[in-house]
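Below you'll find the structure, written out as structure tokens, and then a few comments.
The values are calculated or read from the model by the stated rules, or taken from the named source; none is laboratory data. Here the structure is a predicted model, which means the values were calculated and not measured. Heads up, the Cβs are rebuilt from the backbone with ideal geometry, glycines too, and the neighbour counts pull from every protein chain shown. Areas reflect the complete protein model, heavy atoms only, side chains present, ligands, DNA and RNA absent. Shrake-Rupley method; radii C 1.70, N 1.55, O 1.52, S 1.80 Å.
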Amino acid sequence: GISGTQIIDFIQTALSKRTEIETDLIERLMRRPIESMAGFILSTSVAFYLAERDVNPKISTFVDAVYYISTCMSVGYADIFAVTQTGKSIATLVMAVGPALAAKSLDLPQTTSSESNSKEILERLDAILVELRKN
């Protein structure tokens, strides 16, 4: 087995690399949002199918799993429920992350860079500060 100390060490190591991992992940997701969403749906559907196929009577085909996962990303249509602990964990992940991925994949492409937007915001804030100091 794994000791509690090993788990804590693993979590601490992962958290110390968190910003590096987050930055890389966000950059990849923003670069190709539709592909990221499709990959997320397919990979979580495979995992959900493998976790539920022999236990859940509502999951008899891979398409059933895709249907469940895709609905978890939006309205959560309630004719299929996760039965196993693994299935519930996968569903939780999809319900937490899925809507953000779906929303990002439907966003229009950005016409200006984030650096340009930041520069404009700073200029506006500086102008506001100048006006406030006049009063």
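Among the residues of region 34-51, what is the count of those that are in contact (Cβ under 8 Å) with a residue 12 or more places away in the chain and either in contact with a strand residue (DSSP E or B) (Cβ under 7 Å, 6 or more places away or on another chain) or not aromatic (Phe, Trp, Tyr) (or both)?
Selection size over region 34-51: 10.
Scanning region 1-33 for residues that are open to solvent by 100 Å² or more (accessible area, probe 1.4 Å) and of a type in the set (A, V, I, L, M, F, W, C), which turns out farthest from Leu93 (Cα to Cα)?
Filtering region 1-33 for residues that are open to solvent by 100 Å² or more (accessible area, probe 1.4 Å) and of a type in the set (A, V, I, L, M, F, W, C), the one farthest from Leu93 (Cα to Cα) comes out as Ile2.
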